[in-house]
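S.K.: Just passing along the structure, written as structure tokens.
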Amino acid sequence: MNPLAQQLNETIAKEQPRVFEMLSKLGQAVYFPKVGILSQSAEAKQKAKVYNATIGIATENGKPMHLQVIQETLSAYDPKDIYEYAPPAGKPELRTVWRDKMLEENPSLDGKSFSLPVATNALTHGLSIVADLFADEGDAVILPDKNWENYELTFGIRRGAVMVEYPLYDADGKFNAAGLRDALLSQKERGKAIVLLNFPNNPTGYTPGAEEGRSIIAAIKEAAEAGINVVTVTDDAYFALFFEDSLHESLFGRLCGLHERVLPIKVDGATKEEYVWGFRVGFITYGGQSEACLSALEQKTLGIIRATISSGPHPSQTFVLKALKSPDFAAQKAQKYAIMKGRANKVKQLLDSGKYGGVWSYYPFNSGYFMCLKLDVDAEAVRQRLLDAYGVGTIALGGTDLRVAFSCIEEPQLEDLFDRIHQAVLDVKAGK
């Protein structure tokens, strides 16, 4: 094993031995090179005042070389903020500003120990880093039965982990904390579990309330007290899009410092929070451990980044940083939030109006981009009918569930959308 990896492992094992037990074989083996192109280039950037012949970019007139046909569309930015490689961990100022934003939006983080966020190539990349560092073949990934299909690819297909599902809702239409608890305790013999908490949930648009949140924390703590090492990942892709009386914070803050056997990891980003899907700017943050352990985990994260994408896109990190620092940011974001909330409320109004009879029910939703109908006919048949006869695209999940993204439909058009879905259901019932 590389001495740098061994040194990081020794630090983690000494500071937080349970966290060391959570690392995958790859997680134990990975490290960020201290002596290499990046480290030597960083040193040269500080000291090479005459000529810096280290990093692999081209320069001209003291600035990164660039084509005018590209720069003319980006003239508001200095070439050094868009053309150079971004550091593997991301632009330092962006990381600091994002951490400040996390603290402002999550008061439960006050006084808690957590790392400086590391920039990722959006949230899937962050989840992939978690899988690489902590998932070995046969490890359990515990998640609700209503979940994002990419989890299977990221943790199951890539890393050989086993998906352990529990029903998202209990009999009262609330988050099924008892199901989460039972799924966790089923891993007592293995002694390790990875828990995915995705709120607002994709595909249902559900976020638990305060009491449900306490039950989730209690279930994870009970598993830890039973001797299970729990890697707890809050996938906060749709964070802040909370439209009703639900939790308005990430559970990450409550998980920090919960138990020595609980490692909280927050995966979030500008992708959906700031409506910049194509920018691919996300973050991964570790919580609840000693400073030395957090630093070692960051180094291992940088090792994974260096080994896969080397570093994230610089221009989009610059764009996001400028937006976060703008005095107009909060007002503009509030305006978009109001639009999204209006669409969600309109959908619920339509579904509760009685207009559509008893051809469907819907899963509780209160946040995010989506909601799910529960049909009494085959969802795939309805999806196909909607495409072929009504020009409407939806997502069929399983036998009866149809996901509808109200996020991309203007509020005045929502009634027509659901009218068409209703007619398609009636068509399928009639054998069309």
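S.K.: Against the condition in contact with a Leu (Cβ under 9 Å, 6 or more places away or on another chain), of a type in the set (Phe, Trp, Tyr) and closer than 21 Å to Glu273 by Cα, how does Tyr362 come out, does it pass? Step through it out loud before you land on a result.
M.R.: Numbers: in contact with a Leu (Cβ under 9 Å, 6 or more places away or on another chain): yes; of a type in the set (Phe, Trp, Tyr): yes; closer than 21 Å to Glu273 by Cα: no.
In short, no.
S.K.: Restricting to region 244-279, and then to whatever is hydrophobic (A, V, I, L, M, F, W, C) and free of Cβ contacts under 8 Å to residues at least 40 places away in the same chain, can you tell me which residue is surrounded by the fewest Cβ atoms within 10 Å (Cβ to Cβ)?
M.R.: So the first thing to find is which residues in region 244-279 are hydrophobic (A, V, I, L, M, F, W, C), and the list is 247, 251-252, 255-256, 258, 262-263, 265, 267, 270, 276-277, 279.
Now drop any that are not free of Cβ contacts under 8 Å to residues at least 40 places away in the same chain, which leaves 255, 277.
Values: Leu255: 29, Trp277: 10.
Top of the filtered list is Trp277.
S.K.: For the structure I just gave you, tell me whether Lys101 is in contact with a Cys (Cβ under 9 Å, 6 or more places away or on another chain) and in the same structural domain as Ser311 (by TED's automatic domain parsing).
M.R.: So Lys101 fails the test.
One line per residue, one yes/no per condition, for (1) without any contact (Cβ under 8 Å) to a residue 24 or more places away in the chain; (2) surrounded by 14 or more Cβ atoms within 10 Å (Cβ to Cβ):
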{"site": "Phe319", "(1), (2)": "no, yes"}
{"site": "Met371", "(1), (2)": "no, yes"}
{"site": "Arg383", "(1), (2)": "yes, yes"}
{"site": "Leu387", "(1), (2)": "yes, no"}
{"site": "Ile421", "(1), (2)": "no, yes"}
{"site": "Val428", "(1), (2)": "no, yes"}
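S.K.: Residue check: is Thr96 exposed (fewer than 15 other Cβ atoms within 10 Å of the Cβ), assigned by TED's automatic domain parsing to the domain that holds Val233 and hydroxyl-bearing (Ser, Thr, Tyr)?
M.R.: Working: exposed (fewer than 15 other Cβ atoms within 10 Å of the Cβ): yes; assigned by TED's automatic domain parsing to the domain that holds Val233: yes; hydroxyl-bearing (Ser, Thr, Tyr): yes.
Criteria met by Thr96.
S.K.: Looking at His125 and the list (1) in contact with a strand residue (DSSP E or B) (Cβ under 7 Å, 6 or more places away or on another chain); (2) assigned to a loop (DSSP other than H, G, I, E, B); (3) at pLDDT 95 or above; (4) more than 22 Å from Lys322 (Cα to Cα), which single condition is not satisfied?
M.R.: (2)
S.K.: A follow-up question, please. Looking only at region 29-50, decide whether some residue is closer than 30 Å to Val141 by Cα, surrounded by fewer than 19 Cβ atoms within 10 Å (Cβ to Cβ) and modelled with pLDDT of 95 or more.
M.R.: yes
Per-residue answers, yes or no, for (1) in contact with a strand residue (DSSP E or B) (Cβ under 8 Å, 6 or more places away or on another chain); (2) of a type in the set (S, T, N, Q); (3) farther than 20 Å from Ile305 by Cβ:
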position	(1), (2), (3)
Leu38	no, no, no
Tyr51	no, no, yes
Met65	yes, no, yes
Thr96	no, yes, no
Ser108	no, yes, yes
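S.K.: Taking the conditions exactly as written (crowded, with 19+ Cβ neighbours inside 10 Å, in contact (Cβ under 8 Å) with a residue 60 or more places away in the chain and in contact with a Ser or Thr (Cβ under 9 Å, 6 or more places away or on another chain)), does Phe175 satisfy them or not?
M.R.: Values: crowded, with 19+ Cβ neighbours inside 10 Å: yes; in contact (Cβ under 8 Å) with a residue 60 or more places away in the chain: no; in contact with a Ser or Thr (Cβ under 9 Å, 6 or more places away or on another chain): yes.
Considered against the rule, which asks whether it is crowded, with 19+ Cβ neighbours inside 10 Å, in contact (Cβ under 8 Å) with a residue 60 or more places away in the chain and in contact with a Ser or Thr (Cβ under 9 Å, 6 or more places away or on another chain), Phe175 comes out as no.
S.K.: Another question, if that's okay. One residue is enough: does region 106-124 have a residue meeting the conditions of a type in the set (Asp, Glu) and more than 16 Å from Gly287 (Cβ to Cβ)?
M.R.: If we filter region 106-124 for residues that are of a type in the set (Asp, Glu), which is where we start, we get 110.
Within this subset, residues satisfying the condition of being more than 16 Å from Gly287 (Cβ to Cβ) are none.
Taking every residue of region 106-124 in turn, none turns out to be of a type in the set (Asp, Glu) and more than 16 Å from Gly287 (Cβ to Cβ).
S.K.: Among Leu180, Leu184, which is the only one that is touching a helix residue (DSSP H, G or I) at 6+ places or on another chain (Cβ under 7 Å), under 22 Å from Glu137 (Cβ atoms) and surrounded by 15 or more Cβ atoms within 10 Å (Cβ to Cβ)? It would help to see each step written out before you state the result.
M.R.: Details: Leu180 fails: under 22 Å from Glu137 (Cβ atoms).
The conditions single out Leu184.
S.K.: Taking the condition more than 19 Å from the chain's Cα centre (by Cα) and within 26 Å of Ala270 (Cβ to Cβ), does Asp78 pass?
M.R.: On the way: more than 19 Å from the chain's Cα centre (by Cα): yes; within 26 Å of Ala270 (Cβ to Cβ): yes.
So Asp78 passes the test.
S.K.: Now a separate question. Pull out all pairs, ordered by first then second residue, where Cβ-Cβ is under 9 Å, the residues are six or more apart or on different chains, the first lies in region 185-198 and is of a type in the set (Ser, Thr, Tyr), and the second is surrounded by 22 or more Cβ atoms within 10 Å (Cβ to Cβ) and in a strand (DSSP E or B).
M.R.: That search, which allows pairs on different chains as well, returns Ser186/Ile142; Ser186/Ala193.
S.K.: Still on this structure, I have one more. In the list Asp401, Asp388, which residue meets the criterion of being touching a Cys at 6+ places or on another chain (Cβ under 6 Å) and not polar (S, T, N, Q)? Before the answer, list the steps.
M.R.: Values: Asp388 fails: touching a Cys at 6+ places or on another chain (Cβ under 6 Å).
Of Asp401, Asp388, the one residue that is touching a Cys at 6+ places or on another chain (Cβ under 6 Å) and not polar (S, T, N, Q) is Asp401.
S.K.: May I ask you to say which residue of Ala240, Ala270, Ala226 is under 30 Å from Ser39 (Cα atoms) and assigned by TED's automatic domain parsing to the domain that holds Val164?
M.R.: Working: Ala240 fails: under 30 Å from Ser39 (Cα atoms); Ala226 fails: under 30 Å from Ser39 (Cα atoms).
Being under 30 Å from Ser39 (Cα atoms) and assigned by TED's automatic domain parsing to the domain that holds Val164 holds for just one of Ala240, Ala270, Ala226, which is Ala270.
S.K.: Another question, if that's okay. Name the single residue that is farthest from Ser24 (Cα to Cα) among those in region 136-172 being polar (S, T, N, Q) and crowded, with 16+ Cβ neighbours inside 10 Å. Before you say what the answer is, go through the steps one by one.
M.R.: Let us first name the residues in region 136-172 that are polar (S, T, N, Q), namely 147, 150, 154.
Within this subset, residues satisfying the condition of being crowded, with 16+ Cβ neighbours inside 10 Å are 147, 154.
Details: Asn147: 24, Thr154: 15 Å.
By that ranking, first place goes to Asn147.
S.K.: Continuing with the same structure: Could you please let me know if Pro208 is in a loop (DSSP other than H, G, I, E, B), surrounded by 14 or more Cβ atoms within 10 Å (Cβ to Cβ), touching a Cys at 6+ places or on another chain (Cβ under 6 Å) and not basic (Lys, Arg)? Talk me through it step by step, then tell me what you get.
M.R.: Details: in a loop (DSSP other than H, G, I, E, B): yes; surrounded by 14 or more Cβ atoms within 10 Å (Cβ to Cβ): yes; touching a Cys at 6+ places or on another chain (Cβ under 6 Å): no; not basic (Lys, Arg): yes.
When the stated conditions are applied, Pro208 does not pass them.
S.K.: Of the residues Leu153, Leu143, Leu185, Leu197, which is under 21 Å from Gln289 (Cβ atoms) and either in the same structural domain as Arg280 (by TED's automatic domain parsing) or more than 18 Å from the chain's Cα centre (by Cα) (or both)? Steps first, please.
M.R.: Details: Leu153 fails: under 21 Å from Gln289 (Cβ atoms); Leu143 fails: under 21 Å from Gln289 (Cβ atoms); Leu185 fails: under 21 Å from Gln289 (Cβ atoms).
None of the others qualify; the one that does is Leu197.
S.K.: Residues Thr11, Thr73: which one is within 33 Å of the chain's Cα centre (by Cα) and assigned by TED's automatic domain parsing to the domain that holds Val262? Explain how you work it out, then say what you get.
M.R.: On the way: Thr73 fails: assigned by TED's automatic domain parsing to the domain that holds Val262.
Within the list Thr11, Thr73, the selection yields Thr11.
The values are calculated or read from the model by the stated rules, or taken from the named source; none is laboratory data. Just so it is clear, the model here is predicted, and its values are computed rather than measured. We place every Cβ from the backbone using ideal geometry, glycine too, and count neighbours over all the protein chains shown.
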